[in-house]
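The structure under discussion appears below in the form of structure tokens.
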Amino acid sequence: MQSPPLDRVRVLSVIPPMTQLNTPYPSTAYLTGFLRSRGVEAVQEDLALALMLRLFSREGLTALHAQVLLLADAKRAPCVQAFAAQFDRYVATITPLIAFLQNRDATLAHRICSRAFLPEGPRFATIDVYGAAFGVEEEGDDPLAWAFGALGLQDKARHLATLYLNDLADVLREAVDPRFEFVRYAEQLATSQPTFEPLAAALAAPNNLVDDTLQDLTLAAIARHAPTVVLISVPFPGAVYAAFRIAQTIKAHHPAIVLALGGGFVNTELRELTEGRVFDYFDFVTLDAGERPLLALLEHVAGKRSKQRLVRTFVREDGEVGAGPPQGDLLPLGGADAAPQRPQRLSGPKVRYINFVEPDIAFAEVGTPTWDGLPLDKYLSLLDMLNPMNRLWSDGRWNKLTVAHGCYWKKCSFCDVSLDYISRYEGASATTLVDRIEAIVKETGQTGFHFVDEAAPPKALKALAAELQARNLGISWWGNIRFEKSFSPELCQQLADSGCIAISGGLEVASDRLLNLMKKGVSVEQVARVTRAFTDAGVLVHAYLMYGFPTQTVQDTVDALEYVRQLFEQGCIQSGFFHRFACTVHSPVGKRPEDYGVTLLPLPDSPDHKIFAKNDVGFIDPTGVDHDVLGVGLKKAIYNYMHGVGLDADVRSWFSVKVPKPTVAKHRIARALGV
Ligand code: SF4
């Protein structure tokens, strides 16, 4: 392969399906902005959005209908039957519906809300469930009126349109690809998969309609940009299968193009990669913050740097035995090829990890992300959940930005604190951040920002707010924090005045014993005071909640739910989500399980002893609690609380099994707030 000079290298960064549909995933915007700031010709494509728009078009639905006709009548699920029976109406409505969701045809809301315009499949049955829950009994009453009132026409139409798309996604799953999801597409092929075998088998299978569509879009993107290098950033397991399909297409049709894989999934799960077959699809796999490895890689591609001087990069080399990177630890600075030489279990796996250690690009110098080239007017504002905080994730186009790199706290025992994306904390001055914000508003014309930090530091937020106020910028922003006591009522008010509309943070298991064991650095009462201060300042609050933490008893779970109930009741939080605790090999629990009273299960091996993905690890908790059963009750409770329902019910009523009475006093949170 003839190397192009660096000034002739043309880089295409790709967002693979599926990621969120309301706004671009930020990885390509960051990489493109950074590369352009270094004089590299760089462009970007969102193939997740493109795939969605192609599948949910007149042509896409016609192709889907052809697949449905191949199904035997007996195999047609209710959603498929509803689609087949109303196919003409689906074809007639899909184009205006997408335009409506793209905010290009607001007046269509009237017809959508008439409930006579859109064909309705099984997903619409949920509306009647809401109606019953909210006491709408009279025939002719609008069961959605409780949520949207008489004037919330646009929101109501958006919700109905989202149900319509969900019905179509169900049909696609039934008739074409059982792995299809809007966000977690085929993720079981990648999540902590010790072996590459299932993914290899899926990639060797004949293309289905989704694969064919993605292949067409990939080839069109390559034809448009004629890149010499394609970067595919995979943020999570639900984007892995499509990333490999994209790479497979490019390799088959344009073998001279250099392909590199990176992103959040790689940074957490592929750190010990020895599976050579990954390199049938990608030439390079890079770890952690992408900027420095990428510069080295591009110099290498341009013939200006030897392969031995790549940075945090896996390559396949015939006949060589490599060494994985240190498990979860920061790589030492200084010296070439600094990764410890750890022998692999089999001879000749041909995967080598190269780390010619050079300092990372400082957060203050990574440049301003750019959305140039992405179709910002084509993203879809969806409204799945009827909760004002929850909708922020699916509704509206937010510019995504980070206030700092990494987490300033980096102590929580369930978190990947040993990995770069958490452990390397670096900030930038408020002036730099607000310069970036101004540049982004100028470029996109949009003033909404989502700060995607793991936990934005209060000091940096205070400085940022002051700078936003000093420049009198009318932006709106929301982001993730730790509910720590520095968020005083005065600071919460200042943040709100600077444009903060919502905040999310981890309350995890609402139990002081477990918060302590987790090293979260907060108490339940402190969280109550901080969240209430945000609410009082007019800022919506979402709490990340957890269950199944080591040593968590049934009593702990019941008590935690009682705290959560009281937090909703007292107006401290408006939204929440219960995650099941997962032990990762990079977290303190995974590294020192004995400190948390649990024993790790051996990690599964792959048949050929080659390592592919490695992240979650099973464990034995001597408490023996059935967290699966309790989890169902917790999720039911939180769903209802978010809709303002069931706050006066005994928390035990949400569980399907007998659980003990809460030991938390009924007015504990009210007392903590001095109510
Ligand atoms: S859980 Fe959040 S606050 Fe805790 S260490 Fe991780 S990123 Fe930081």
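The values are calculated or read from the model by the stated rules, or taken from the named source; none is laboratory data. Values in this document were obtained by computation on a predicted structure and should not be read as measured data. FYI the Cβ positions are ideal-geometry reconstructions off the backbone, even for glycines, and counts take in every protein chain you see.
Here are the numbers for this structure:
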read-out	value
Answer residue from segment 485-498, given it is of a type outside the set (S, T, N, Q), in contact (Cβ under 8 Å) with a residue 24 or more places away in the chain and surrounded by fewer than 20 Cβ atoms within 10 Å (Cβ to Cβ) and is farthest from Thr557 (Cα to Cα) among those	Asp497
Some residue of segment 48-56 being at pLDDT 95 or above and in contact with a strand residue (DSSP E or B) (Cβ under 6 Å, 6 or more places away or on another chain)	yes
Identity of the residue in segment 513-524, of a type outside the set (A, V, I, L, M, F, W, C) and assigned to a helix (DSSP H, G or I), that ends up nearest to the ligand (Cβ to nearest atom)	Asn516
Unmet criterion (only one of (1) under 25 Å from Arg309 (Cα atoms); (2) of a type in the set (Ser, Thr, Tyr); (3) part of a loop (DSSP other than H, G, I, E, B)) for Thr368	(1)
Residue among Ala510, Ala502 that alone is among the small types (Gly, Ala, Ser), in contact with a strand residue (DSSP E or B) (Cβ under 8 Å, 6 or more places away or on another chain), within 16 Å of the ligand (Cβ to nearest atom) and not in a helix (DSSP H, G or I)	Ala510
Among the candidates Ala466, Ala460, residue that is surrounded by fewer than 19 Cβ atoms within 10 Å (Cβ to Cβ) and either assigned to a strand (DSSP E or B) or more than 10 Å from the ligand (Cβ to nearest atom) (or both)	Ala466
Single residue of segment 386-438 satisfying the filter (in contact with a Ser or Thr (Cβ under 7 Å, 6 or more places away or on another chain) and under 15 Å from Pro588 (Cα atoms)) that is nearest to the ligand (Cβ to nearest atom)	Cys415
Neighbours by Cβ (under 8 Å, 6+ apart or cross-chain): first from segment 440-466, among the aromatic types (Phe, Trp, Tyr); second within 16 Å of the ligand (Cβ to nearest atom) and not in a strand (DSSP E or B)	Phe451/Thr402; Phe451/Val403
Single residue of segment 611-624 satisfying the filter (assigned to a loop (DSSP other than H, G, I, E, B) and surrounded by fewer than 18 Cβ atoms within 10 Å (Cβ to Cβ)) that is nearest to the chain's Cα centre (by Cα)	Gly618
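Yes/no per residue for (1) more than 25 Å from Gln526 (Cβ to Cβ); (2) among the aliphatic types (A, V, I, L, M):
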| residue | (1), (2) |
| --- | --- |
| Phe451 | no, no |
| Ala455 | no, yes |
| Pro458 | no, no |
| Leu464 | no, yes |
| Glu467 | yes, no |
| Ala470 | yes, yes |
| Asn480 | no, no |
| Ser486 | no, no |
| Leu491 | no, yes |
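Yes/no matrix, rows are residues, columns are (1) crowded, with 16+ Cβ neighbours inside 10 Å; (2) more than 30 Å from Asn267 (Cα to Cα):
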site	(1), (2)
His609	no, no
Ala637	yes, yes
Val645	no, yes
Ala649	no, yes
Trp654	yes, yes
Val657	no, yes
His667	no, yes
